[in-house]
1. Tell me, yes or no, whether segment 19-34 has at least one residue that is among the hydroxyl-bearing types (Ser, Thr, Tyr) and at pLDDT below 95.
2. I'd like the full set of residues that are within 12 Å of Thr2 (Cβ to Cβ), more than 12 Å from the chain's Cα centre (by Cα) and among the acidic types (Asp, Glu), limited to segment 12-45.
Amino acid sequence: MTISKKEINQAAELIQTAYETHQPIAPLRERFDMSIDDAYAIQEENTKHWIKSGRHLSGRKIGVTSHAVQ
């Protein structure tokens, strides 16, 4: 299932708020019926947010979610 752009932004904001307040949140899959592609979209929104905040992207970690690595 794919979630809407609005829900992607909401999920990204939940992660940002949790980071800023040092408060844990429940897994996003409990709130949103999302796919792997949605998770990557949320990650991309947060990457954009942190870059706008002055952070720098210095690399990406890849793992078993990447078909090329499997």
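The values are calculated or read from the model by the stated rules, or taken from the named source; none is laboratory data. Keep in mind the model is a prediction, meaning the values are calculated, not measured. Virtual Cβ from ideal backbone geometry, glycine too; neighbours counted across all protein chains shown.
1. For segment 19-34, residues among the hydroxyl-bearing types (Ser, Thr, Tyr) and at pLDDT below 95: absent.
2. Asp33
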